[in-house]
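All of the numbers you see were taken from the coordinates with simple rules; none came from a lab. Keep in mind that what you see is a predicted model, and the values were worked out from it rather than measured. Cβ coordinates were reconstructed from backbone atoms using ideal geometry, including for glycine residues, and neighbour counts include every protein chain displayed.
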Amino acid sequence: MEDEALIKNHRRCVSCRKVAPKSDFWRIVRQHPGHQLVLDQGMGRSVYLCRNWDCLKLAQKKDRLSRALKVKVSTVLYQSLEQRLESQQQTSASANLQSGDCGVTAIN
């Protein structure tokens, strides 16, 4: 029973095919019936994408979102995801600086 609950909350990245908790992914939704694409909300056909540059670039290069959602994905959506990645990296970098972790490891 416990394993079943864990599997239900996991999703697969459309780009790299990695399985992870759905909170680790972005959700891209083709809303029904308008076929409008939205991020992280709504009902309709959806895909999950890892929150990293490699998966985003591969999904764009191989047109994985368009195929999975069965609709043309504009470059505006990819730009929006790129902006999210940049802000995510800036947030994590500032959090590391505030905690005193500057990414440099001391070697004795």
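Can you find a residue in region 42-50 that is assigned to a loop (DSSP other than H, G, I, E, B), of a type outside the set (A, V, I, L, M, F, W, C) and touching a Leu at 6+ places or on another chain (Cβ under 8 Å)?
Let us first name the residues in region 42-50 that are assigned to a loop (DSSP other than H, G, I, E, B), namely 42-43.
Adding the requirement that they be of a type outside the set (A, V, I, L, M, F, W, C) leaves 42.
From what is left, the residues that are touching a Leu at 6+ places or on another chain (Cβ under 8 Å) are none.
Within region 42-50, none of the residues are assigned to a loop (DSSP other than H, G, I, E, B), of a type outside the set (A, V, I, L, M, F, W, C) and touching a Leu at 6+ places or on another chain (Cβ under 8 Å).
For region 51-77, how many residues meet the condition of being in a loop (DSSP other than H, G, I, E, B) and of a type in the set (S, T, N, Q)? Don't jump to the end; show me each part of the working.
Initial filter on region 51-77 (in a loop (DSSP other than H, G, I, E, B)): 51-52, 63, 70-74.
Filter again for of a type in the set (S, T, N, Q), leaving 52, 74.
Count: 2.
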